[in-house]
Amino acid sequence: MPPTVSQLPPAVQAYLLEARQMQAMSFMVHIPLVCFGIAFPAMVAFVEWRYLRTGDVLYRTLARRWTKVMVTLFAAGVVTGTVLSFELGLLWPGFTGNFGSVFGLGFAIEGFSFFLEAIFLGIYVYGWDRLPPRVHFVCALPIVFAGILGSFMVIAVNGWMNHPQGFTVDAQGRVTDIRPFQALFGNTYFWHELVHMYLAGNMVAGFLVAAAYAVGRLRGRWGRYERTAFAVPLSVAAMAAPTQIIVGDWAARDVATEQPVKLAAIEGLSQTANGVAEHVLGYYTDGRVEYGIAIPHLLSLLAFHSWNATIQGLDTVPVADQPPVNIVRFAFQTMVGVGTLLALLAVVYMFIVWRYRRLPITRWFFRAVAVAGPLSYLALIGGWVTTEVGRQPWVVYDYLRTAAAVTGATSIPVGFGLLAAAYAALIAGTFWALYRLAKSPMPPAPADPARRLLQPSGGPGAQGLTAVD
């Protein structure tokens, strides 16, 4: 094990768990907004491009309405992102004080991307009816780029926290020989996190937007506008969901190599062994998984693509260095279980569109999409709990313990309560604004263009259910 950082002594903190929960609460509120920042601007730009390509006013109408949603979510993201930035310094001064010079470049670039996004978002919103159509469309591209760049930097920092490099710790516990570019961009571990998160962002944004229109379909609102607004995000999510399974295999193999204790917690493996089984469901107690369904050799096969590969158990580290097994295990199984269901739903959708050249027409499908929206968020949180809690008790893996990074302030419970109340107000206000936007009057419906890409299959049951141009 490398030498740990000892420049600052561990803080005397009775509220370490509350500090972690406070950070987790902020993250749970902010992360879906990150997903929309990654994926939604590209959806808006695609719809506007369709308008430029076809001249169909419906696409322009949809792009303008989605722009209002994008601005609302961006404003909420500004609030939650600012809170997270302050929490990083106020709750974890040992982390920023020791390693700020290593990861600071990533957050500096993330701040630049935020201002770039804000500037062009203002131009984009103001430019409707004021800029030439093609110039207005070009102004959407920096918004797409900035949303991706900002999340890229944050994920690079998180990848470094899980697989730290690009610095040296001397005999006195001081961080020296700092190489920030190597730490952030030469870190091979973070690449699977990046791809995994980008796919998750498209899944969450796609399924949540599609879920809103699926609910409208179940309530009888299903004109050509609604069909278009449903098909675009669902197609994005449907392309991402099956691919996520392949990327998940890549991530699992990296975790097995670089963070074997996290893998042991995911499975609930107390002792190092060969040819290890994978247990589906069940819970960990007394060194074993109870009531789980064991699939022989599967963990060894998934982790190393070898039938009898050796998997390190929790016994390889002291108890103090082991993460809370059941939390990590439940989170991981939630992510995998929900992700598998979403991938199956995506395959069904793509098969129907390919085979019948139309959107699905059965009510059960729209019910499934309506549920898929919140489930995709649940899978996202499960994945991040696996990543972050599975790294415990380290904030920088094998270098800095969470207990040594936390503040010594005693007012954490008060701040926790005030922040929870503020988030409740923000969430209520955001949903109220989105509800008002959904209820705002629709412009006159444009006539269907003569040329259609996907034709109706016929019959009263399929009327109005064709896919979009």
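Considering every residue within region 330-343, establish whether at least one is more than 29 Å from residue 258 (Cβ to Cβ), modelled with pLDDT of 95 or more, of a type in the set (A, V, I, L, M) and not in a loop (DSSP other than H, G, I, E, B). Working first, answer last.
Taking region 330-343 as the starting set, the residues that turn out to be more than 29 Å from residue 258 (Cβ to Cβ) are none.
The answer is no; no qualifying residue exists.
Those residues that are surrounded by fewer than 24 Cβ atoms within 10 Å (Cβ to Cβ) and within 22 Å of the chain's Cα centre (by Cα), I need them from region 223-237; list them, please. Can you show your working first?
Quick first cut of region 223-237, residues surrounded by fewer than 24 Cβ atoms within 10 Å (Cβ to Cβ) only: 223-228, 231-232, 235-236.
Within region 223-237, 231, 232, 235, 236 meet the criteria.
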Just the residues that are in contact (Cβ under 8 Å) with a residue 60 or more places away in the chain and surrounded by 17 or more Cβ atoms within 10 Å (Cβ to Cβ), please, taken from region 85-106. 87, 91, 92, 93, 94, 95, 98, 99, 102, 103, 105, 106
Being part of a loop (DSSP other than H, G, I, E, B) and either modelled with pLDDT under 95 or among the basic types (Lys, Arg) (or both) is the requirement here; does residue 391 meet it? yes
Taking the criterion of being open to solvent by 20 Å² or more (accessible area, probe 1.4 Å) and over 17 Å from residue 155 (Cα atoms), would at least one residue in region 192-210 satisfy it? yes
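Take residue 63 and tell me if it is of a type in the set (Gly, Ala, Ser), out of contact with any strand residue (DSSP E or B) (no Cβ under 7 Å at 6 or more places or on another chain) and open to solvent by 40 Å² or more (accessible area, probe 1.4 Å).
Numbers: of a type in the set (Gly, Ala, Ser): yes; out of contact with any strand residue (DSSP E or B) (no Cβ under 7 Å at 6 or more places or on another chain): yes; open to solvent by 40 Å² or more (accessible area, probe 1.4 Å): no.
Considered against the rule, which asks whether it is of a type in the set (Gly, Ala, Ser), out of contact with any strand residue (DSSP E or B) (no Cβ under 7 Å at 6 or more places or on another chain) and open to solvent by 40 Å² or more (accessible area, probe 1.4 Å), residue 63 comes out as no.
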(1) touching a Ser or Thr at 6+ places or on another chain (Cβ under 9 Å); (2) of a type in the set (A, V, I, L, M); (3) within 26 Å of residue 179 (Cβ to Cβ): which one isn't true of residue 125, the others all being true? (3)
If we only count helices (runs of 4 or more DSSP H) wholly inside region 175-285, which ones have 1 or more residues that are within 30 Å of residue 62 (Cα to Cα) and not aliphatic (A, V, I, L, M)? 189-218, 224-258
Filtering region 386-401 down to residues that are surrounded by fewer than 22 Cβ atoms within 10 Å (Cβ to Cβ) and out of contact with any Lys or Arg (no Cβ under 7 Å at 6 or more places or on another chain), which residue is farthest from residue 324 (Cα to Cα)? 399
Within region 288-311, work out how many residues are open to solvent by 80 Å² or more (accessible area, probe 1.4 Å) and not in a loop (DSSP other than H, G, I, E, B). 3
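Out of region 183-197, which residues are of a type outside the set (A, V, I, L, M, F, W, C) and touching a Phe, Trp or Tyr at 6+ places or on another chain (Cβ under 9 Å)? So that I can check it myself, show each step before the final result.
Of the residues in region 183-197, the ones of a type outside the set (A, V, I, L, M, F, W, C) are 186-189, 192-193, 196.
Listed by number, the residues that qualify are 187, 189, 192, 196.
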Scan region 332-351 and report the pairs whose first residue is within 23 Å of residue 282 (Cβ to Cβ) and whose second residue is of a type in the set (Asp, Glu), with Cβ atoms within less than 9 Å and a gap of 6+ or a chain change. 332/267
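Here's the yes/no breakdown for (1) open to solvent by less than 40 Å² (accessible area, probe 1.4 Å); (2) free of Cβ contacts under 8 Å to residues at least 60 places away in the same chain; (3) part of a helix (DSSP H, G or I):
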| position | (1), (2), (3) |
| --- | --- |
| 361 | no, no, no |
| 373 | yes, no, yes |
| 383 | yes, no, yes |
| 410 | no, no, no |
| 413 | no, no, yes |
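Determine whether region 256-265 contains at least one residue that is among the polar types (S, T, N, Q), open to solvent by 40 Å² or more (accessible area, probe 1.4 Å) and without any contact (Cβ under 8 Å) to a residue 60 or more places away in the chain.
Residues of region 256-265 that are among the polar types (S, T, N, Q), as a first pass: 257, 259.
With the extra rule that they be open to solvent by 40 Å² or more (accessible area, probe 1.4 Å), the set shrinks to 257.
Of the ones still in play, those that are also without any contact (Cβ under 8 Å) to a residue 60 or more places away in the chain are 257.
Within region 256-265 (the criterion being among the polar types (S, T, N, Q), open to solvent by 40 Å² or more (accessible area, probe 1.4 Å) and without any contact (Cβ under 8 Å) to a residue 60 or more places away in the chain), the answer is yes, since at least one residue qualifies.
Which residue out of 157, 144 is more than 22 Å from residue 85 (Cβ to Cβ) and surrounded by 15 or more Cβ atoms within 10 Å (Cβ to Cβ)? Write out each step before concluding.
Numbers: 157 fails: more than 22 Å from residue 85 (Cβ to Cβ).
Going through 157, 144 in turn, the sole match is 144.
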So is residue 336 open to solvent by 20 Å² or more (accessible area, probe 1.4 Å), within 30 Å of residue 390 (Cα to Cα) and within 27 Å of the chain's Cα centre (by Cα) or not? yes
In region 312-329, what residues are under 17 Å from residue 257 (Cβ atoms) and touching a Leu at 6+ places or on another chain (Cβ under 6 Å)? 313
Index of the failed condition, residue 385 passing every other in (1) farther than 20 Å from residue 212 by Cα; (2) over 16 Å from the mean Cα position of the chain (by Cα): (2)
Apart from one, (1) surrounded by fewer than 19 Cβ atoms within 10 Å (Cβ to Cβ); (2) at pLDDT 90 or above all hold for residue 314; the odd one out is (1)
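The values are calculated or read from the model by the stated rules, or taken from the named source; none is laboratory data. Because the structure is a prediction, the values reported are computed rather than measured. Note that we place each Cβ from the backbone using ideal geometry, even for glycine, and neighbour counts take in every protein chain shown. These area figures cover heavy atoms from the full protein model, side chains too; ligands, DNA and RNA do not enter into them. Shrake-Rupley method; radii C 1.70, N 1.55, O 1.52, S 1.80 Å.
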